[in-house]
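The values are calculated or read from the model by the stated rules, or taken from the named source; none is laboratory data. Given the structure is predicted, the values throughout are model-derived calculations rather than measurements. Glycine gets a Cβ as well: all are built from the backbone with ideal geometry, and neighbour counts include every protein chain shown. All accessible areas refer to the heavy atoms of the entire protein, side chains included, with ligands and DNA or RNA removed. Shrake-Rupley method; radii C 1.70, N 1.55, O 1.52, S 1.80 Å.
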Amino acid sequence: MIFLLILLLLALVFGGGFYAYRIAFYNPPADPDKAPNMDGSVYEPYREEIIRMYRAIRDRECEAVTIYSDDGLKLYGRYYHVRDGAPLDICFHGYRSRAFTDFAGGSELSFEMGHNLLLVDQRAHGRSEGRTISFGIRERWDVLSWIDYACRRFGNDTSILLYGVSMGAATVLMASGLDLPPNVKGIVADCPYSRPLDIILHVGKTNPLPQWLIRIFAILGAKIYGGFDLLEADAAEAVSHSNVPILVIHGESDTFVPPVMSEIYHPLVKRVTFPGAGHALSFLSDTPRYKQIIRDFSYNLLRSLPYMGEMAPIIQYDITL
């Protein structure tokens with residue numbers, strides 16, 4: 001009888017962990033060039049603009065680049081050259097999304113500012129290898145790999161700005177606590193969550209299983225089948241060790257990643273919210289204000305560079321840190 005109970009317990013542990021892994025952490029292969037999914041009324045007011053921006057960046061000439069992660073995955077990115085010696089924006093998309101979708105608007109802003117642009121397919125997404133999503137825990141080390149690639153290709157004096165949306169925002173915030181080189185001048189995190197487990201539990205509220213059991217299964221699934229510790233890193237802890245200026249943006253009507261999850265307090269963090277904006281929709285909800293804020297942030301960080309002297313400062317939304 002005891003042996004049978006042990007077998008049942010093991011089956012519950014491994015079965016529940018596998019269920020959590022498949023639901024939360026496994027990303028099946030998908031068409032990397034598929035048009036963005038705009039199901040739901042929240043996207044309806046912006047449908048035509050989203051499609052226009054998506055097609056514009058999809059069809060723009062770029063250079064395919066690849067690197068290898070520290071654990072051997074081949075990672076893919078798209079490099080858009082605007083001008084020699086310009087700052088480089090490196091962008092990280094969200095959970096089960098794509099760079100073309102999450103940075104359709106942001107890419108236009110990068111080009112308007114005269115920045116070169118690197119759109120990254122996060123591991124287990126797009127053309128990058130891997131099938132396990134670790135909610136920024138492993139991905140934060142990929143940020144370092146892309147920075148290293150940029151420094152080797154463009155030089156250690158090339159100013160770099162990191163951008164992330166949703167899981168990508170949490171990823172760059174987690175990376176902020178690592179040993180970043182001094183040419184990483186700033187980070188923009190749009191609708192991030194602080195702790196991976198928190199966002200899993202929040203989304204898991206629609207699941208009939210109790211929260212405590214989801215917690216156990218998520219931790220076990222990540223460890224047993226994903227090979228990573230779900231509690232290893234979180235954005236708030238990483239930011240507390242950062243010396244890089246950070247801008248956090250969040251829509252006040254975000255129900256997927258509640259705004260409270262991005263309330264990260266640190267002297268180098270400035271947080272801006274957008275009334276009425278849903279998840280990752282701040283840019284579309286008030287495009288002029290969003291662009292102005294990003295341009296202010298970028299200008300304040302880069303204004304000492306000779307290149308930036310050609311731009312007039314924009315101070316309508318002063319976010320000097």
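Tabulated data for the structure shown
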| item | result |
| --- | --- |
| The one condition in (1) more than 22 Å from PHE103 (Cα to Cα); (2) out of contact with any Lys or Arg (no Cβ under 7 Å at 6 or more places or on another chain) that LEU201 fails to fulfil | (2) |
| Boolean, ASP229 is modelled with pLDDT of 95 or more, within 24 Å of MET174 (Cβ to Cβ) and out of contact with any Cys (no Cβ under 9 Å at 6 or more places or on another chain) | yes |
| Residue pairs meeting the criteria (Cβ under 6 Å; at least 6 apart or on separate chains; first within 12 Å of ILE264 (Cβ to Cβ), in the stretch 170-193; second at pLDDT 95 or above and part of a strand (DSSP E or B)) | LEU173/ALA189; SER176/ILE187; ILE187/LEU162; ILE187/ILE246; ALA189/GLY164; ALA189/VAL248 |
| Residue list for the stretch 192-250, filter: hydroxyl-bearing (Ser, Thr, Tyr) and more than 22 Å from the chain's Cα centre (by Cα) | THR206, TYR225 |
| Residue match in the stretch 170-180 (condition: within 19 Å of SER298 (Cα to Cα), open to solvent by 30 Å² or more (accessible area, probe 1.4 Å), at pLDDT 95 or above and not β-branched (Val, Ile, Thr)) | no |
| Subset of the stretch 38-81 that is under 29 Å from GLY227 (Cβ atoms) and among the polar types (S, T, N, Q) - its residue that is surrounded by the most Cβ atoms within 10 Å (Cβ to Cβ) | SER69 |
| Residue in the stretch 269-285 that is within 22 Å of ILE160 (Cα to Cα) and either open to solvent by less than 10 Å² (accessible area, probe 1.4 Å) or in contact with a Leu (Cβ under 6 Å, 6 or more places away or on another chain) (or both) present | yes |
| Residue ranges of helices (runs of 4 or more DSSP H) in the stretch 189-257 with at least 1 members open to solvent by 10 Å² or more (accessible area, probe 1.4 Å), touching a helix residue (DSSP H, G or I) at 6+ places or on another chain (Cβ under 6 Å) and over 21 Å from ARG138 (Cα atoms) | 211-221 |
| Evaluation of HIS266 against (1) farther than 21 Å from HIS202 by Cβ; (2) not in a loop (DSSP other than H, G, I, E, B) (one fails), failing number | (2) |
| Pair list, Cβ under 6 Å, 6 or more apart: the stretch 35-52 residue over 18 Å from ARG96 (Cα atoms), other residue at pLDDT below 90 | ARG47/MET38 |
| ARG58 at pLDDT 80 or above, among the basic types (Lys, Arg) and within 17 Å of HIS93 (Cα to Cα) | yes |
| Close pairs (8 angstrom Cβ cut-off, 6 or more residues apart or separate chains): farther than 16 Å from ARG131 by Cβ and touching a residue at least 12 places away in the same chain (Cβ under 8 Å) in the stretch 207-230, open to solvent by 70 Å² or more (accessible area, probe 1.4 Å) and basic (Lys, Arg) anywhere | ASP229/LYS223; LEU230/LYS223 |
| Failed item in (1) modelled with pLDDT under 95; (2) outside any loop (DSSP other than H, G, I, E, B), with SER97 passing the rest | (2) |
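Here's the yes/no breakdown for (1) open to solvent by 30 Å² or more (accessible area, probe 1.4 Å); (2) aliphatic (A, V, I, L, M):
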residue	(1), (2)
ARG96	yes, no
ASP102	yes, no
LEU119	no, yes
ARG140	no, no
